[in-house]
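Values quoted throughout were computed directly from the atomic coordinates according to the rules given, and no laboratory measurement underlies them. What you are looking at is a predicted structure, and each value in this text was computed from that prediction instead of being measured. Because the Cβ atoms are built from the backbone with ideal geometry, glycine has one as well, and the counts that use them run over all protein chains shown.
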């Protein structure tokens, strides 16, 4: 994983609040809070609809829609692989396979803190005075999201801040507190646990601490043996 670390200390206690405090409007405050406190990707943030937020239960649902192609035999309609010349079901020569588009839906639910829900509520009320009244919470592009985060970072004295910096911060903080990595995988939406473990590997100080504990245990065992 290539991680661009912004200059300036943004991972100390209170720095997220500092980023929020320098925002000039409710939209920017909500964007920073949501990225930093839920760990969602900017590409996911710009796809969130108001219907994806359950204010009563404090849950945000991230929905992924992916379109895939499925090949079918033109004779019997059975599924085919890309390399099939003859249909394994009916035995006929395939010729021109039927290509069918299938939409796959995948979702995950993320808990949202009360402070973040409050910011979301204030933002959605604030934006009513603007022309856009569609379902999207953040009706702008991924590139625009990156620009906003970088600009807010500069105001807070953090050069080179980007959306993944906030996702990275949540992940490494989670790891530093010794919380369950499998649950972090679910929270971040990683298909493979190997991706999540990269955040664990990145925390060298925690690795050093665990390593030193290993030798402390060995030392204690030797002392007990002598007694």
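Details
- Inter-centroid distance (Cα atoms) of the range 69-127 relative to the range 145-200, Å: 27
- When the P(r) is computed for the range 83-164, the part past 14 Å accounts for 80% of the Cα-Cα pairs.
- As a proxy for reagent exposure, 132, 168 were ordered by neighbouring Cβ count within 10 angstrom, fewest first; the result is 132, 168.
- Legend: Rg and Dmax of the range 110-205, from Cα coordinates, 16.4, 50 Å.
- Taking each residue as 0.36 nm, the span from residue 51 to residue 118 lengthens on full extension beyond its C-alpha to C-alpha distance by 22.5 nm.
- Here the residues 78, 150, ranked from fewest to most Cβ neighbours within 10 Å of their Cβ, fall in the order 78, 150.
- P(r) tail fraction, the range 63-108 - alpha-carbon pairs more than 12 Å apart, %: 59
- Here the contact order of the range 107-210, divided by its residue count and restricted to Cα pairs under 8 Å and six or more residues apart, works out to 21 percent.
- Net length gained if the chain between residue 24 and residue 83 were fully extended (0.36 nm per residue, minus Cα distance): 15.6 nm
- Structural descriptor for the range 63-108: relative contact order 51 percent, calculated from alpha carbon pairs under 8 angstrom and at least 6 residues apart.
- Residue order, fewest to most beta carbons within 10 Å, for 170, 34: 170, 34
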